[in-house]
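A short write-up of the structure that comes next.
The values are calculated or read from the model by the stated rules, or taken from the named source; none is laboratory data. Since we're looking at a predicted model, the values are computed, not measured. The accessibility values were calculated without ligands, DNA or RNA, using every heavy atom of the protein model including side chains. Shrake-Rupley method; radii C 1.70, N 1.55, O 1.52, S 1.80 Å.
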Amino acid sequence: MDKEAILKKTAEVLTPFETGNLVEFVRHLTVQKAISNPWFVAVFFVLAFYAIVKRSKFVLGALFTAASLLILIHYTIPAEGGQLSLSTTLPFAFGALAIGGVLIYWNFIKTE
């Protein structure tokens, strides 16, 4: 195979991981869909087990961030055909600030 064919094949394989596709996936993701997806559940449990056993603040923070962003995007991004407005942008901005504040507290202020 030549370089162009390999690049074309790689681009084709990575297309589902584009930012737009990931945001659409998260917007339509419900708790029922997440629980029924074995990959989602397996990765979450492996990371949670590792974080608890190793007491890794970084991994616990990453799990918290992923779950919080999933909820934040699901509830603040408007439905299809809807437009961004102040009533959807402000909760997203302040939700992101709250997530950042919790992470800063966990990593820099709280001591064990």
Self-check item: Estimated vicinal HN-Hα couplings, Hz - segment 6-13 in sequence order (Karplus 6.51, -1.76, 1.60; Gly, Pro = x)
Solution: 5, 5, 5, 5, 5, 4, 5, 6
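Quickly estimate the mean residue ellipticity at 222 nm for the chain, helices only: each DSSP H run with n ≥ 4 gives -39500 (n - 2.57), and the total goes over all residues, rounded to 500.
Estimated from H runs of four or more residues: -24000 deg cm²/dmol.
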Quiz item: Any idea what the alpha-carbon Rg over 2.2 N^0.38 Å comes to for segment 1-50?
Solution: 1.58
Exercise. Calculate what fraction, in whole %, of the accessible area of the chain sits on carbon and sulfur atoms when a 1.4 Å probe is rolled over the protein chains.
Key: 72 percent
Quiz item: Can you give the relative contact order of the chain as a percent, counting alpha carbon pairs under 8 Å and 6+ residues apart?
Solution: 21 percent
Self-check item: Gyration tensor (Cα) of the chain, equivalent ellipsoid semi-axes in angstrom
Solution: 28, 24, 15
